[in-house]
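A short worksheet on the structure shown next.
No value in this document is a laboratory result; all are computed from the given coordinates. Quick caveat: nothing in here was measured; it's all calculated off a predicted structure. Note that we place each Cβ from the backbone using ideal geometry, even for glycine, and neighbour counts take in every protein chain shown.
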Amino acid sequence: MDTSSWLSLEEKKVAEQVDKYFHSSRMTFPEKLFHALLIAQHDLEAHHYCSEDEHQRLLQYINILQGILSKLHGLEKQA
């Protein structure tokens with residue numbers, strides 16, 4: 001998916017990481033983002049972090065994923 005025009009640089013970086021992590025061609029980009037968000041939320045709720053710094057990075061990652069999904073949903077509404 002071409003994300004060059006509607007995502008920030010930080011969002012693009014996360015989107016590329018998620019796309020590489022889930023290599024399945026059967027998953028759509030929104031599905032990959034959704035599953036990455038589920039995993040991150042599980043890690044947060046299960047306290048799978050060792051320090052406050054990791055906790056903050058996880059919260060930031062979740063916010064970025066939610067932002068990408070929100071923008072994607074907005075684009076789908078416009079189509």
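Relative contact order of segment 1-77: 39 percent, from C-alpha pairs under 8 Å at least 6 residues apart in sequence. Helix 29-45 and the long axis of the chain differ in direction by around 10°, with both axes built from C-alpha atoms. Projected label points at residue 11 and residue 62, each 7 Å from Cα along the beta carbon direction, are separated by 2.0 nanometres. Could you tell me which of 42, 25, 69 has its Cα farthest along the dipole of the chain towards the positive end, charges placed at Cβ (Lys, Arg +1; Asp, Glu -1), taken about the Cα centre? Positive-most Cα among the choices belongs to 25. Determine the sum of side-chain charges near residue 61: Lys and Arg each +1, Asp and Glu each -1, restricted to other residues whose C-beta is under 13 angstrom from that of residue 61. Summing Lys/Arg as +1 and Asp/Glu as -1 gives -3. Under Stokes-Einstein, with the Kirkwood radius over Cα pairs as Rh, the value for the chain at 4 °C and 1.567 mPa s is 98 µm²/s.
In order along segment 66-71, the phi-based Karplus estimate (6.51 cos²θ - 1.76 cosθ + 1.60, θ = phi - 60°) of 3J(HN,Hα) comes to 5, x, 4, 4, 5, 4 Hz; Gly and Pro are listed as x. What's the Cα-based Rg to Rh of segment 14-57, Rh via Kirkwood? Ratio value, two decimals: 1.06. Computed extension length for residue 51-residue 35: 3.4 nm, one decimal, from 0.36 nm per residue of separation with the Cα-Cα distance subtracted.
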